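Below is one structure, written out as structure tokens; the observations come after it.
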Amino acid sequence: MPTIRPLRRDEFTAVAELIHQSTNAWYAARGLGPIFPGPPEDCLVFPEVYEDLDPGCCLVAVSDDDDLVGSCFYHPRETHVALGIMNVRPEAAGRGIARQLLGRVIEIAAAADRPLRLVSSCFNLDSFSLYTRQGLVPYEVFQDLTLTVPAAGLDDSQLSGARLRPGVPEDAAAIDALEQAVWQTSRRGDWALFLENARGIWHVTVAEDPAGGLLGAIASVAHPGSMMLGPGLARDGLVAGDLIISELNVHCGRSPVFLVPCRERDLVARMYRLGARNCELHLGQCLGSPPTIRGVVLPTFMPETA
């Protein structure tokens, strides 16, 4: 069995290549196009951003001949531990490497006495089986949608009337308080990172009521390795839709991916009317007590901290 140890900074490029190779190989084996169409260097966004957020929280699997054959990011938060992107070299598949990496993260969550959460693909039954065999249980289903935003932007004349504005660093505390109210989740450091935007790849929109109370927030990332909306949260589906439209209009001419809960029927229908189309399905899964959602949660894969 390989040795499991923390990632070293001089291995960022190797991990980026692993993510690029293994993820694209999985899609290619199913007759699909590459999820990362650019060069492997695009995937440096994962170790770089995750080191910004959670220094030292990546495990790698190293073979006896010192070849890096697997990696797994994890994200300790006040309310939970999130399992991030996990990859194994295609030629090393079937050796129990992913199970070994997952086992270590389960131990970390147990030692912290926190639930372990992740968002996993419904299409990848191998990973679904890996997680459910270890006791993780689905608690929410999300539709992955993509929409090519016109160069002139989407029509925003049908917004609900909530006040929408760009987020600023001072919003981090209020967003964190709302997230705790909506689904007992605290990620203030994540929101501070998006709002400060030191890397120049993030944008945040917030929604307020007439009195200035926070109704929701959504972030997005624009990078060759990830073009997505999220994370996001809102008091209700109407505000969530307004936030999505506003954030899509930050990315005119692009085709971001975003996830919405399947149970939010009116929100899903509104996205279809805009021209969104389905591209995948994902499950929110949890080992331990799952969150109770009293509103709308919009997860993302950059960063996977839900």
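The values are calculated or read from the model by the stated rules, or taken from the named source; none is laboratory data. This structure is a prediction, so every number in the text was calculated from the model and none was measured. When we count neighbours, we look across all protein chains shown, and the Cβ atoms used for this are built from the backbone with ideal geometry, even at glycine. The accessibility values were calculated without ligands, DNA or RNA, using every heavy atom of the protein model including side chains. Shrake-Rupley method; radii C 1.70, N 1.55, O 1.52, S 1.80 Å.
Things worth noting here:
- Unique match (being within 23 Å of Pro291 (Cβ to Cβ), open to solvent by less than 40 Å² (accessible area, probe 1.4 Å), at pLDDT 95 or above and of a type in the set (Lys, Arg)) among Arg114, Arg133, Arg77: Arg77
- If you go through region 200-223 and keep only what is in contact with a helix residue (DSSP H, G or I) (Cβ under 7 Å, 6 or more places away or on another chain), farther than 17 Å from Leu159 by Cβ and either open to solvent by less than 10 Å² (accessible area, probe 1.4 Å) or not aromatic (Phe, Trp, Tyr) (or both), you end up with His203, Val204, Ala219, Ser220, Ala222, His223.
- Among the residues making up region 201-230, those that are of a type outside the set (S, T, N, Q) and either touching a Cys at 6+ places or on another chain (Cβ under 8 Å) or under 15 Å from Tyr50 (Cα atoms) (or both) are Ile201, Trp202, Val221, His223, Gly225.
- Scope region 177-196; condition within 17 Å of the chain's Cα centre (by Cα) and either within 21 Å of Val250 (Cβ to Cβ) or open to solvent by less than 40 Å² (accessible area, probe 1.4 Å) (or both); matching residues: Glu179, Trp183, Thr185, Ser186, Arg187, Asp190, Trp191, Ala192, Leu193, Phe194, Leu195
- You will find that of Val296, Val250, Val239, Val268, the residue that is closer than 19 Å to Phe123 by Cβ and β-branched (Val, Ile, Thr) is Val268 and no other.
- Residue in region 261-269 that is under 19 Å from the mean Cα position of the chain (by Cα), closer than 20 Å to Ile35 by Cβ and modelled with pLDDT of 95 or more present: no
- Residue count for region 183-233, restricted to those that are assigned to a loop (DSSP other than H, G, I, E, B), among the polar types (S, T, N, Q) and touching a residue at least 24 places away in the same chain (Cβ under 8 Å): 3
- Residue pairs whose Cβ atoms lie under 9 Å apart, sitting 6 or more positions apart in sequence or on different chains, and linking a residue in region 43-56 that is within 13 Å of Gly189 (Cα to Cα) to a partner that is polar (S, T, N, Q) and modelled with pLDDT of 95 or more, are Val49/Ser226; Leu53/Thr305; Asp54/Thr305.
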